[in-house]
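Asks: Quick one: structure below, then a few questions.
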Amino acid sequence: MSSETMISVNELSKCYMMYDKPEYRLWQMLWRTRKAWSRDFWALRDITFDVRKGETVAVIGRNGSGKSTLLQLICNTLEPTRGNVQVGGKIAALLELGAGFNAEFTGRENIYLNGAILGMEKSEMDARFQSIIDFADIGDFLNQPVKTYSSGMYVRLAFAVAIHCQPEVLIIDEALAVGDFLFQQKCSRFMKEQFSDVTKLLVTHDMAAVANMADRAIVLHQGKLIYDGDPQSAIREYQIVARGGKHVTHIASDKHADNSEKSNEDILKAYAERDWITINEHTLSGSLRARIRKCAYEVDGVSGVGAIGSGQQLVIDFEASIEGHLDQVIVGYQVQDRFGSVIFGENSMSSDFSLPNLDAGTWRFSLMFDWPIVAPGKYAVTLGIGSGYDALSHSIECWAHNVIILDSSSDVDVHGLFNVEISQLTVKESSQ
């Protein structure tokens, strides 16, 4: 392992023997190798990767993909079946909520207990004690048994101890997910500002955190490593396998491809095979002279992916049934944050698209736009059909609310909900 490599994982595998009945364990001991009363379950198989000094690597995958097993093997709390792991430097790990805590001890006593587990002398913990309790911010509960703590207080204290024991490698398995919003912000800011030289390995289901914090991301699926690379592509891989699809390591999309040679039959077949989302009537509002029935979407040509990044192309197809006749049809969308605030939106009239008058029947619509630079997080897309002659004031025939949920990320820092570039900047010495 080179001096710049802090974690080296080589052909790592972990197999468990699974018994259908408890008594089979005894029978296996008696029969030894003459008969197998168990079956093999490979939690991990042939995993290889390196993590460099100061690098932040996220490990993502569905539940049961082997993420926690991988971290336990790296922390040496499990023995591998095959392969090996080398770690250069002192590890601080949050593998399980409250791991290393004694439930009967107070918070104060557990600070020193955890410090001892991490190899710190009492004098060193004395010097760091005030910083730890200031960061944890658990108030009067410091002198109460930790069995009385909430899950948020547990993780506050555990994380505060871990980061103040000067680890060279920090490993976190979903622990921060239970902290409150402000504490998560504090942890993120601390790791970016104070832990830039610390190697970090994170397991999380928060795709915004992956995009915002990780330099690299690893995707595990059914115990195998299926992707190792930039976070944006890793998120896309994860979303594909999470929806039951096959992972695609290299995805190419020609936005300007010529489809003129495709027959109507090919187009109709492709349309029918889309991952359609059936829209519940309860999500509709408006006059309902039009009703949006189903929709499907693609992110840079990939169907049904639940993650999107700034600059990626979103294509939304939807079908609507129309009763009677609609003049001056307007089609649009809104994107809302998790608080229900409309962040951005547009309609066909504002974008200078002139749509025909529509008679009764079922009609297909398709709209496309590039995702802007917005703050990382979850956003919901609402689709709309209207009629009239004004982009802002017209008849709302149908809103289909929150029909698509997307996990948005950005490869640049976002200073608020979205960014507005500075168009001019001057610096002059002030005359007195």
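Please treat every number below as a calculation from the coordinates, not as lab data. Please read these numbers as outputs of a predicted model, since none were measured by experiment. Reconstructed Cβ throughout: ideal geometry from the backbone, glycine too, with neighbour counts over all protein chains shown.
Asks: What is the antiparallel percent of DSSP beta bridges lying wholly in region 264-409, to the nearest 5? All intermediate terms of the calculation are to be shown ahead of the outcome.
Replies: Details: 49 of 52 bridges.
Expressed as a percentage, antiparallel bridges in region 264-409 total about 95.
Asks: Need one number: nm distance between label points at Ser150 and Ile405, each 7 Å from Cα along Cα→Cβ, rounded to one decimal.
Replies: 2.3 nm
Asks: Relative contact order for region 50-135: what is it in percent, counting Cα pairs under 8 Å that are at least 6 residues apart? Intermediate results must be reported in sequence, preceding the final value.
Replies: Working: 33 pairs, mean separation 12.7, N = 86.
So the answer I get is 15 percent.
Asks: Find the centroid of the Cα atoms in region 181-240 and in region 313-362, then give the distance between the two in whole Å.
Replies: Result: 35 Å between the Cα centres.
Asks: Quick one: if the Förster radius is 56 Å, what FRET efficiency do Lys90 and Phe353 give, using the C-beta to C-beta distance and rounding to 0.05? Show your work: numbers first, answer last.
Replies: Working: r = 60 Å, r/R0 = 1.08.
After rounding, the FRET efficiency stands at 0.40.
Asks: Charges at C-beta only: +1 for Lys and Arg, -1 for Asp and Glu. How large is the resulting dipole of region 264-409 about its Cα centre, in Debye rounded to 20?
Replies: Details: 9 positive and 19 negative charges, 79 e Å.
Dipole of region 264-409, to the nearest 20 debye: 380 debye.
Asks: What FRET efficiency, computed as 1/(1 + (r/R0)^6) with R0 = 51 Å and r the Cβ-Cβ distance, is obtained for Leu288 and Glu429, rounded to the nearest 0.05? Each step should come with its number before you reach the end.
Replies: Numbers: r = 64 Å, r/R0 = 1.26.
That gives a FRET efficiency of 0.20.
Asks: Charges on Cβ only, +1 for Lys and Arg, -1 for Asp and Glu, centred on the Cα centroid of region 272-415; of Gly311, Ser287, Leu367, which one is farthest towards the dipole's positive end?
Replies: The residue sitting farthest along the positive end of the dipole is Ser287.
Asks: Indicate the gyration tensor shape class of region 345-422 (rounded, prolate or oblate), computed on the Cα atoms with a ≥ b ≥ c the square roots of the eigenvalues: a/c under 1.5 is rounded; otherwise a/b larger than b/c is prolate and the rest oblate.
Replies: Numbers: a/c = 2.68, a/b = 1.93, b/c = 1.39.
It comes out prolate by the Cα gyration axes.
Asks: List the GluC sites (Glu not before Pro) within region 99-143 that fall in a DSSP loop (any state other than H, G, I, E or B) and whose Cβ has at most 14 other Cβ atoms within 10 Å. It would help to have the intermediate numbers written out before the result.
Replies: On the way: sites: Glu104, Glu109, Glu121, Glu124; in loops: Glu104, Glu121.
Sites meeting the loop and neighbour criteria: Glu104, Glu121.
Asks: Separation of region 47-82 and region 107-144 by C-alpha centroid, Å?
Replies: 28 Å
Asks: Same structure again: Between rounded, prolate and oblate, where does region 264-409 land on the alpha carbon gyration tensor, with a ≥ b ≥ c its root eigenvalues, rounded for a/c under 1.5, else prolate if a/b exceeds b/c?
Replies: oblate
Asks: Something else now. As a quick test, which of the pairs Lys294/Lys378; Lys14/Lys53; Lys186/Lys378; Lys90/Lys200 have an alpha carbon distance above 23 angstrom in this structure?
Replies: Lys14/Lys53
Asks: Now for a separate question. Give the aspartates and glutamates whose C-alpha is closer than 20 Å to that of Lys21, dropping any in the same chain fewer than 8 places away, or say none.
Replies: Asp40
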